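Just below is one structure, and these are the notes that go with it.
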Amino acid sequence: MPRFARKKDGTHEMVADAFRQAGWSVIDTYRAPECPDFFAASNGRTVAVEVKSKGGKLTASQEKFRQTWTGEYYVVSTLDEAQQIIGGPHAA
């Protein structure tokens, strides 16, 4: 684990709950080094989601994960951004 324990961003639960309420499965991985805050899946679609406060930047390890992840990856700061992913062009 890194020198400082990872903590949830203030909007983390709100964003994760939006996915859950829309029927997505959510696996919280915010404490896992180099992983996004959570993975969400629905109808064969899996997305990696990093929650940041407005203006927040990815750490070096988060950026490395983003660059190597071949699936959908999103950095969200607001509930509206989460809703765009949930109801986006790949939604069933």
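Each reported figure results from applying straightforward, stated rules to the coordinates on display, with no laboratory input. Quick caveat, the model's predicted, so the values are computed rather than measured. Reconstructed Cβ throughout: ideal geometry from the backbone, glycine too, with neighbour counts over all protein chains shown.
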* Asked: Okay, helix-only estimate at 222 nm for the chain: each DSSP H run of n ≥ 4 adds -39500 (n - 2.57), divide by all residues, round to 500 deg cm²/dmol; what do you get?
  -> -8500 deg cm²/dmol
* **Extended-chain gain in nm, criterion 0.36 nm per residue less alpha-carbon gap, residue 80 and residue 31** => 15.2 nm
* Would you order 37, 17, 80 from fewest to most other beta-carbon atoms within 10 Å of each residue's own beta-carbon? => 80, 17, 37
* Asked: Among 47, 75, 15, which comes first, then next, by fewest other beta-carbon atoms within 10 Å?
  -> 75, 47, 15
* Percent RCO, i.e. relative contact order, over the chain, from Cα pairs under 8 Å lying at least 6 residues apart -> 27 percent
* Asked: Going through the range 1-80, which GluC sites (Glu not before Pro) have at most 15 other Cβ atoms within 10 Å and a DSSP loop state?
  -> 34
* What is the local net charge at residue 73, summed over the other residues whose Cβ is closer than 14 Å to its Cβ (Lys, Arg +1; Asp, Glu -1)? -> -2
* To do: Within the range 24-50, find all residues whose amide N lies under 15 Å from a label point positioned 7 Å from the Cα of residue 60 along Cα-to-beta-carbon.
  => 34
* Which of these values of Cα Rg over 2.2 N^0.38 Å was calculated from the structure shown: (1) 1.66; (2) 1.02; (3) 1.44? -> (2)
